[in-house]
Amino acid sequence: KRVDDERVDDRLADALDEPDVFFVNAVTNQVAVAIHRQMEIDAAEARVRAQLDFTRAITGSLGEGVVAADKDACISLMNRAAEEMLGFSERAVLGEPVAQVLRARRADDEKGVIDCPLVQALETGLRVASDDHVFVRHDGRVLPVSYIAAPIATSGGAVLAFRDVLAVK
């Protein structure tokens, strides 16, 4: 078999002139580089997916609601506790503007709406906290909350952690 392979290689080499061999080598090298780059991209995507799964597992085990927004102020994560307290499913609100989903107001002001704490954290780059606000649930009922929102320096986004103060009391 090895002798047959060498004969085929010799006939192929005789059929190609030097510029053709250089061209075939160049194309082969480019294909190899492209395959290597795609393998690196696939590995990086797998690492990101694993990190996101880990983050979801951690936030999913918390009793506090957690909502994260990307740098464009759109929802990028909502844990199960936040879903239950706010009445939204993460699937329904992913990518939606956070200010449309997370509506806050002072507990003593039924009509006034304040700026969304996550948007405030994004815009100011500062932590925002309160113990005397309510969030308006999906069904229109209010949820008295204690919360803290903070910017995420590495991503340009922000995260909000909150809890139902009536449940705590």
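The values are calculated or read from the model by the stated rules, or taken from the named source; none is laboratory data. Predicted model, so just to flag it, every value in this text is computed and none were measured. Heads up, the Cβs are rebuilt from the backbone with ideal geometry, glycines too, and the neighbour counts pull from every protein chain shown. Protein only, heavy atoms only, side chains kept; ligands, DNA and RNA dropped before computing areas. Shrake-Rupley method; radii C 1.70, N 1.55, O 1.52, S 1.80 Å.
Quick notes on this one:
- Total residues in region 41-61, condition of a type in the set (Gly, Ala, Ser) and either closer than 18 Å to GLU90 by Cα or touching a residue at least 24 places away in the same chain (Cβ under 8 Å) (or both): 3
- Of all residues assigned to region 41-53, none qualifies as being open to solvent by less than 70 Å² (accessible area, probe 1.4 Å) and within 30 Å of LEU166 (Cα to Cα).
- Some residue of region 128-137 being over 18 Å from VAL165 (Cα atoms) and either basic (Lys, Arg) or outside any loop (DSSP other than H, G, I, E, B) (or both): no
- Complete set of residues in region 151-169 that are part of a strand (DSSP E or B) and open to solvent by less than 20 Å² (accessible area, probe 1.4 Å): ALA158, LEU160, PHE162
- Within the option set LEU122, LEU102, LEU77, LEU86, being open to solvent by 40 Å² or more (accessible area, probe 1.4 Å) and out of contact with any Phe, Trp or Tyr (no Cβ under 6 Å at 6 or more places or on another chain) holds for one residue only, LEU122.
- Hits in region 84-98 - residues which are farther than 16 Å from VAL145 by Cβ and either of a type in the set (A, V, I, L, M, F, W, C) or more than 18 Å from the chain's Cα centre (by Cα) (or both): ALA92, VAL93, LEU94
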